[in-house]
Amino acid sequence: MQKITTGAEYQPKKKHKRKKSGIFRFVRFILAALFIVAVLVSLALSPLFNINRIEVYGNKHYNSNDVINASGLIAGTNWFKSNSFDLKGIVMFRSVDSEKMLLERCPYLKSAVVRIGIPGAVRITVTEREPVALVPYLGTNLVIDDNGHVIDTTNNIDGIKLPVIKGVACNGYTLGQALKADNYEYIDAFNTVMKNIASSDANAGERGKEFCIEDIITYIDVTDLDNVGVCLDSRIVVNFGSYKEINEYRIDFLREIYYQKLKKEDRGLLDFTSGEYPSFIPD
């Protein structure tokens, strides 16, 4: 008598075969992944990624050798051995370690990008901070940029063509970091004055170059934000009133008075708050 076998009796065997097939595919995937990783690691550690030259772009205050030394990179070493593991850095071929060291060691730097190309050429691109003013502090002067970051210090300001900011109270500083000011509105007031002066000089064209205001500023006093003072050429003090009311029109007006109405030997106070028109009170 012939035995008839139903399909249901074969089902467990089919499931077992599918399970074994899935395991084999998973093992093949793992082996392939390990192989790819091994190839990539071998490639990364090969001479192809040895640093053979380092180029620096965007530097003005620092020379290229100073930037290279601060980056911690050494020609002849392997790029990947020189850097700690960082997924973003690996994917973008950037050195996060070197970028961090540059910003810590070079206060003038605002940003830094360190990237390797093939074969072995490292490109360091930096953006430097621009000094805009001096802030007196405990017998020295702090050099700051327009964001209030301290980028340098100096005891001798002779020959430095930067205005001094008076009235900024600070309780410490760290090179490369923002000034620890009691009130950052003082910095905002200074920036407002300088922005309007620079814009007025630029919009005046050739006349602005000949009768420049920005280059003759001795100091800007922001002690009283409602009576911001600007000293020109160490002899004319200008009271602009509130820094929020300073605009290009007032700077243009100042230019005409200073260069056309006042004499080179005049000294005194030019007050923009005394009425519709400014008044000059000689010393």
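The values are calculated or read from the model by the stated rules, or taken from the named source; none is laboratory data. Only a predicted model underlies this, so the values are computations on that prediction, with no experimental measurement involved. Quick reminder, even Gly has a Cβ in these numbers, built from the backbone with ideal geometry, and neighbours come from all protein chains shown. Note: areas computed on protein heavy atoms with side chains; ligands, DNA, RNA excluded. Shrake-Rupley method; radii C 1.70, N 1.55, O 1.52, S 1.80 Å.
Looking at Asn50, Asn69, Asn78, Asn65 in this structure, which one is more than 12 Å from Val126 (Cβ to Cβ), modelled with pLDDT of 70 or more, loosely packed, with under 12 Cβ neighbours inside 10 Å and over 17 Å from the mean Cα position of the chain (by Cα)? Only one candidate qualifies: Asn65.
Among the residues examined, Gly120 qualifies as of a type outside the set (D, E, K, R), surrounded by fewer than 19 Cβ atoms within 10 Å (Cβ to Cβ) and touching a Phe, Trp or Tyr at 6+ places or on another chain (Cβ under 7 Å). Out of Pro119, Pro131, report the one residue that is in a loop (DSSP other than H, G, I, E, B) and touching a residue at least 40 places away in the same chain (Cβ under 8 Å). Of the residues listed, the single one that is in a loop (DSSP other than H, G, I, E, B) and touching a residue at least 40 places away in the same chain (Cβ under 8 Å) is Pro119. Asp146 fulfils the conditions (1) in a loop (DSSP other than H, G, I, E, B); (2) more than 17 Å from Ala189 (Cα to Cα); (3) touching a residue at least 40 places away in the same chain (Cβ under 8 Å) except for a single criterion, (2). When Leu103 is tested against (1) in a loop (DSSP other than H, G, I, E, B); (2) open to solvent by 30 Å² or more (accessible area, probe 1.4 Å); (3) of a type outside the set (Gly, Ala, Ser), exactly one condition is not met: (1). Assuming Ser98 fulfils every condition listed in (1) open to solvent by 20 Å² or more (accessible area, probe 1.4 Å); (2) at pLDDT 90 or above; (3) over 30 Å from Asn171 (Cα atoms) apart from one, which condition is it? All conditions are met except number (1).
Let's see how each residue does on (1) closer than 12 Å to Gly148 by Cβ; (2) of a type in the set (Ser, Thr, Tyr):
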| position | (1), (2) |
| --- | --- |
| Tyr184 | yes, yes |
| Phe190 | yes, no |
| Val193 | no, no |
| Asp201 | no, no |
| Gly208 | no, no |
| Glu214 | no, no |
| Ile217 | no, no |
| Thr223 | no, yes |
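Can you pull out the residues in the stretch 174-200 that are in contact with a Leu (Cβ under 8 Å, 6 or more places away or on another chain) and either assigned to a loop (DSSP other than H, G, I, E, B) or open to solvent by 30 Å² or more (accessible area, probe 1.4 Å) (or both)? Result: Gly176, Leu179, Glu185, Tyr186. Of everything in the stretch 228-242 that's in contact (Cβ under 8 Å) with a residue 24 or more places away in the chain and either aromatic (Phe, Trp, Tyr) or open to solvent by 40 Å² or more (accessible area, probe 1.4 Å) (or both), which residue is nearest to Thr192 (Cα to Cα)? Per the criteria, the residue is Phe240. Filtering Asn171, Asn203 for residues that are surrounded by fewer than 18 Cβ atoms within 10 Å (Cβ to Cβ) and more than 21 Å from Lys244 (Cα to Cα) leaves a single hit, Asn171. Across the stretch 243-271, the qualifying residues are those that are open to solvent by less than 20 Å² (accessible area, probe 1.4 Å) and outside any helix (DSSP H, G or I), and the one among them that is nearest to Asp224 (Cα to Cα) is Ile246. Summed over the stretch 150-168, residues that are out of contact with any Ser or Thr (no Cβ under 8 Å at 6 or more places or on another chain) and either at pLDDT below 90 or crowded, with 19+ Cβ neighbours inside 10 Å (or both) total 8.
Just to be sure before I move on: is Asp152 in a strand (DSSP E or B) and either in contact (Cβ under 8 Å) with a residue 40 or more places away in the chain or farther than 30 Å from Arg94 by Cβ (or both) in the structure I sent? Yes; evaluated as a whole, the condition is true for this residue.
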